[in-house]
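The values are calculated or read from the model by the stated rules, or taken from the named source; none is laboratory data. Remember, it's a predicted structure, so these values are computed and weren't measured experimentally. Quick reminder, even Gly has a Cβ in these numbers, built from the backbone with ideal geometry, and neighbours come from all protein chains shown. What goes into the accessible areas is simple: the full protein's heavy atoms, side chains included, and nothing from ligands, DNA or RNA. Shrake-Rupley method; radii C 1.70, N 1.55, O 1.52, S 1.80 Å.
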Amino acid sequence: MKAPFAIFSRPVYWKDILEQMDYAGAGSFLIVFLVSLFIGMALSLQISAELSALGLKMYTGKIVGVSIIREIGPVAIALSFAGRVGSGMASELGSMVLGHQVDILKVFGVDPVKKLVTPRVISAIVMLPVLTIIGDAVSLIGGYFIAVFVSHQSSPFYWSQIREILDFENVFSGVVKPFIFGYLIATISCYLGLSTTGGARGLRKTTTLSVVLSTIFIIITDFVLTKILLLLMGMSV
């Protein structure tokens, strides 16, 4: 799709890009914060309980950290992003199609892809990685509170394990995924939004389908990327 590359040609709709970044980023902060916090707490509680039976409770921080940074954080936040931002994109563009606003743009010689799609794709590619980094940090803090104040583990040892797993392989794996997830969510949602037909019922179908397809593609893409990254890093599976 040409949307991300359209920013390099004139005109550049900076106001629309910033508006979409505010909607996708700042507007999603609260849900990302809450989802990440309780995922970290639940994961730490469950892993700590399982490891206690094996006498390995002190390794809770390492397992929680790797799980969140490499897999759970990027996927969970991407799914939350698809549910809030992706559905909003599809619904908004679908309403514009049904209200003939897209046709009006064409009449005035404005490229609908550059005006409507590019800002949304750029905002998703930029803001989802930012939200993922914030969400991962919040999850690790949530895991810390459970590990230290509920499971009575050592606070310095927990953070020493977190620092240990913050190597290039884990961080790269956790950071590269949100860029691709953001692109998939935005392109799927915008494509379906601009393809809306059938009035209110069609708009409902478009919004629902955008979330469903985004979810499916996020899960499948996560598996493919995990496999590729493990192969590139020389880790056998």
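Looking across the stretch 3-19, just one residue is of a type outside the set (A, V, I, L, M), open to solvent by less than 40 Å² (accessible area, probe 1.4 Å) and modelled with pLDDT under 85, and that is Pro4.
When the residues of the stretch 212-232 are narrowed to those that are open to solvent by less than 40 Å² (accessible area, probe 1.4 Å) and hydrophobic (A, V, I, L, M, F, W, C), which ends up modelled with the highest pLDDT? Show your work before the answer.
Taking the stretch 212-232 first, the residues open to solvent by less than 40 Å² (accessible area, probe 1.4 Å) are 214, 218, 221-222, 225-226, 229-230.
If we keep only those that are hydrophobic (A, V, I, L, M, F, W, C) too, we end up with 218, 225, 229-230.
Details: Ile218: 96, Leu225: 93, Leu229: 87, Leu230: 85.
That would be Ile218.
Restricting Phe145, Phe168 to those that are in contact (Cβ under 8 Å) with a residue 12 or more places away in the chain, more than 17 Å from Ser80 (Cβ to Cβ) and among the aromatic types (Phe, Trp, Tyr) reduces the list to Phe145. Of all residues in the stretch 20-35, those that are open to solvent by less than 20 Å² (accessible area, probe 1.4 Å) have Cβ atoms under 7 Å from Cβ atoms of residues that are among the aromatic types (Phe, Trp, Tyr), 6 or more apart or on another chain, in Ser28/Phe81.
Considering only residues in the stretch 130-184 that are within 15 Å of Ala78 (Cα to Cα) and small (Gly, Ala, Ser), the one that is modelled with the lowest pLDDT turns out to be Ser173. Of note, Phe145 satisfies the criterion of being under 21 Å from Phe33 (Cβ atoms) and either assigned to a helix (DSSP H, G or I) or not β-branched (Val, Ile, Thr) (or both).
For beta carbons closer than 6 Å, sequence separation of 6+ or different chains, a first residue in the stretch 218-236 that is on the phi < 0 side of the Ramachandran plot and a second that is modelled with pLDDT of 90 or more, the qualifying pairs are Ile218/Ala78; Ile218/Phe181; Asp222/Val75; Leu225/Lys177. The one condition from (1) open to solvent by 50 Å² or more (accessible area, probe 1.4 Å); (2) of a type in the set (Val, Ile, Thr); (3) within 30 Å of Met233 (Cβ to Cβ) that Ile68 does not meet is (1). The residue that is nearest to Ile220 (Cα to Cα), counting only those in the stretch 189-202 that are touching a Gly at 6+ places or on another chain (Cβ under 7 Å) and part of a helix (DSSP H, G or I), is Ser189.
Which ranges mark the helices (runs of 4 or more DSSP H) fully within the stretch 1-117 that have 2 or more residues being in contact with a Leu (Cβ under 8 Å, 6 or more places away or on another chain) and within 15 Å of Ser139 (Cβ to Cβ)? If you could, list the steps in order and put the result at the bottom.
On the way: elements: 14-24, 29-54, 60-67, 73-81, 87-98, 101-107.
Here the list reads 29-54, 60-67, 73-81.
Just checking, does the stretch 179-186 include any residue being free of Cβ contacts under 8 Å to residues at least 40 places away in the same chain, surrounded by fewer than 17 Cβ atoms within 10 Å (Cβ to Cβ) and not acidic (Asp, Glu)? Walk me through it before giving the result.
The first filter runs over the stretch 179-186 and keeps only residues free of Cβ contacts under 8 Å to residues at least 40 places away in the same chain, leaving 184.
Okay, now just the ones that are also surrounded by fewer than 17 Cβ atoms within 10 Å (Cβ to Cβ), so none.
Looking through the stretch 179-186, none of the residues is free of Cβ contacts under 8 Å to residues at least 40 places away in the same chain, surrounded by fewer than 17 Cβ atoms within 10 Å (Cβ to Cβ) and not acidic (Asp, Glu).
For Ala42, the conditions (1) modelled with pLDDT under 90; (2) open to solvent by 50 Å² or more (accessible area, probe 1.4 Å); (3) of a type in the set (Gly, Ala, Ser) are fulfilled apart from (1).
For (1) out of contact with any helix residue (DSSP H, G or I) (no Cβ under 7 Å at 6 or more places or on another chain); (2) of a type outside the set (Asp, Glu); (3) in contact (Cβ under 8 Å) with a residue 12 or more places away in the chain; (4) farther than 23 Å from Ile165 by Cβ, each residue gets a yes or a no:
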position	(1), (2), (3), (4)
Tyr59	no, yes, yes, no
Val107	yes, yes, no, yes
Val113	no, yes, yes, yes
Thr118	no, yes, yes, yes
